[in-house]
Amino acid sequence: MIKVKHPLESCNQQQAALLMSCPQEQKRYHELMFNYGNAVYRYHNNAEGYLPTELDFNEWLEGLPDNIRKDMERKGFEYCKKVLSFTRYVNEKNDVGLEDFVIQQMGEDLYREYQDKVNN
């Protein structure tokens with residue numbers, strides 16, 4: 001079962017279709033991956049409602065290696081709002097850690113099962 005739904009219904013439908021068509025021995029693996037992936041997607045798409053600001057952008061740029069910083073400056077703030085390292089920076093700055101957020105979404109037991117599956 002997919003506990004953590006994707007915010008886009010079309011993705012939920014695609015995930016459900018894949019689960020219906022995959023062999024039984026692969027079903028749990030895909031359920032765990034979808035739960036984790038959907039939680040991470042939600043984290044990077046405005047976890048807890050923190051919207052990035054120009055100040056966040058400038059602070060984030062300061063911590064980047066020169067070649068990457070120059071590229072991100074060229075791409076600009078609007079583009080970088082969807083760059084995963086930037087969204088994570090904004091969330092972490094607001095005390096919303098990725099792992100804690102994912103555990104909150106999935107629940108500890110499901111998250112532990114996911115960890116066991118990917119580490120074996």
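For this structure, a couple of remarks:
- Residues located in the stretch 80-120, provided they are in a loop (DSSP other than H, G, I, E, B) and open to solvent by 60 Å² or more (accessible area, probe 1.4 Å): 81, 82, 95, 119, 120
- Some residue of the stretch 55-69 being assigned to a helix (DSSP H, G or I), modelled with pLDDT of 95 or more and either of a type in the set (Lys, Arg) or under 26 Å from residue 10 (Cβ atoms) (or both): yes
- From the list 84, 55, 64, 98, the lone residue that is free of Cβ contacts under 8 Å to residues at least 24 places away in the same chain, in contact with a helix residue (DSSP H, G or I) (Cβ under 7 Å, 6 or more places away or on another chain) and of a type outside the set (D, E, K, R) is 64.
- Scan of the stretch 19-64 for residues that are among the hydroxyl-bearing types (Ser, Thr, Tyr) and under 14 Å from residue 5 (Cα atoms), ordered by number: 36, 41, 43
- Hey, residue 32 outside any loop (DSSP other than H, G, I, E, B), of a type in the set (A, V, I, L, M, F, W, C) and in contact (Cβ under 8 Å) with a residue 24 or more places away in the chain or not: yes
The values are calculated or read from the model by the stated rules, or taken from the named source; none is laboratory data. Predicted model, so just to flag it, every value in this text is computed and none were measured. Ideal geometry is used to build each Cβ from the backbone, glycine not excepted, and the neighbour counts take in all protein chains shown. Surface accessibility is based on the protein's heavy atoms, side chains included, excluding ligands, DNA and RNA. Shrake-Rupley method; radii C 1.70, N 1.55, O 1.52, S 1.80 Å.
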